[in-house]
Amino acid sequence: MRTALVGYGLGGAAFHAPFIEATEGLDLSAVVTSNPRRQAEVAARYPNASLLSSLDEVWAGNFDLVVITTPNRFHATHARQVLEHGLNVVVDKPFAGSAMEARALASIASSRGLMLVPFHNRRWDGDFLTVKRLLTENTLGTVHKFESRFERYRPEIKSSWKESGDPADLGSILFDLGTHLVDQSVALFGRPTAVHAEIATVRPGAKADDDVFLSLTHEHGVRSHLWMSALAADQGPRFRVLGHDAAYVKYGMDPQEDRLKAGETPAGPGWGEEPEAAWGTLNGKPHRTEPGAYQAFYADVAAGKAPVSPQDAVAGLEVIEAAKQSATTGDSVHL
């Protein structure tokens, strides 16, 4: 599949281009960026890829797939344009600014028989794959509590659309990190039936929310407690999963992101493996972390299969909208 990558910031450079290039059945045929420095980086690392300056130039090419990794506010608009030109599309998170907008995109893709794939790569974090396996094998027994965190300590405010107070930028921590946490919860336990949220802006001078807690109630009694923060001087466990028979606790982040930021070529020998010192514990004893496998996302795309459904992205956006409502009223919102 001849692939055009639209955007070459951190997402395009680290999370998309290396995997498109490494995946059999995909060809990184073009990269769209108007930034001269980024154009030079693309030319040095991917000399066979054409350099385009705007999305409009894509329509003149002979592409099968377009990957959207532009700033958040443009995701849905760009995805719609790609679909209306009859091309398959992968869309970075957040998939859209609202559930309604996401449903409209899914409807266009369905009516035209095109792939529309939300890029929820954190489903292939090694620690998440470990939790998924423990649940599949019923190692924990009946799970009643799922705790998940993305916490950082960044007291400084960056000049970036991700820190913008303009709601159209979709730059808050709820959209940035919360999208991942909600998607993982939905992938494991399904669309929740109720949402309660605490949303705050705690750093002096911050304009966007930077400290959020979500409580999701799923069918069969499972509760997901999700934390995301830019001002956590001490981080809690990445996962804490409590079942009737056992508990799994994991600290630290999946190593794939740091390796990608360092410029490593993905999916080679030992890719995604964690050292034993970083493993989580199962009932207090070390438990090997499954290898992370971001490469599995694009392997499915190359095979013509959607690794994540648009409906899951819609469900995640419904949760985010309910969270905003709950934080405003102080009441739980039933979905």
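Any read-out appearing in this document is the output of simple, stated calculations on the displayed coordinates, not a laboratory observation. It should be emphasised that the depicted structure is a prediction, and the values quoted were computed from it without experimental measurement. Because the Cβ atoms are built from the backbone with ideal geometry, glycine has one as well, and the counts that use them run over all protein chains shown.
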Legend entry - Expected 222 nm ellipticity per residue - DSSP helices of 4 or more, -39500 (n - 2.57), all of the chain, to 500: -9000 deg cm²/dmol
Inset, instruction - With r as the distance between the Cβ atoms of residue 245 and residue 168 and R0 = 35 Å, compute the FRET efficiency 1/(1 + (r/R0)^6) and round to 0.05. - result: 0.15
Legend entry - Net dipole in debye of the chain [+1 Lys, Arg Cβ; -1 Asp, Glu Cβ; about Cα centre; nearest 20]: 80 debye
Inset, instruction - For the chain, please report how many Lys pairs fall under 27 Å Cα to Cα, leaving out neighbours fewer than 8 apart on the same chain. - result: 26
Inset, instruction - Return the distance in nm (one decimal) between the two label points of a simple spin-label model at residue 332 and residue 40, each offset 7 Å from Cα along Cα→Cβ. - result: 5.6 nm
Inset, instruction - Take every Cα pair under 8 Å in segment 89-181 that's 6+ residues apart, average their separations, divide by the length, and report that relative contact order as a whole percent. - result: 29 percent
Inset, instruction - Work out the length of the dipole vector of segment 184-269 about its Cα centre, built from +1 on the beta-carbon of each Lys and Arg and -1 on the beta-carbon of each Asp and Glu, and round it to the nearest 20 debye. - result: 60 debye
Inset, instruction - Mind pulling the angle between the C-alpha long axis of helix 75-84 and the longest principal axis of the chain? Nearest 10 degrees, somewhere in 0 to 90. - result: 50 degrees
Legend entry - the chain: relative contact order in percent, alpha carbon pairs under 8 Å with at least 6 residues between: 20 percent
Legend entry - Highest-fluctuation residue, 204, 266, 192 considered, GNM on the chain with Cα pairs under 10 Å: 204
Inset, instruction - Round to the nearest 0.05 the FRET efficiency obtained for residue 285 and residue 234 when R0 = 30 Å and r is the Cβ-Cβ distance. - result: 0.80
Inset, instruction - Could you tell me the distance between the Cα centroids of segment 286-335 and segment 212-256, to the nearest Å? - result: 15 Å
Inset, instruction - Report, in degrees rounded to the nearest 10, the 0 to 90 angle that the Cα long axis of helix 126-136 makes with the longest principal axis of the chain. - result: 60 degrees
Inset, instruction - Would you indicate which of (i) 20.6; (ii) 29.1; (iii) 21.2 is the value of Kirkwood radius over Cα pairs in Å derived from the coordinates of this structure? - result: (i)
Legend entry - Crossing angle, helix 178-189 versus the chain [Cα axis fit, 0-90 degrees, rounded to tens]: 70 degrees
Inset, instruction - Distance from a point 7 Å along Cα→Cβ of residue 193 to each backbone N in segment 293-335: keep the residues under 13 Å and list them by number. - result: 334-335
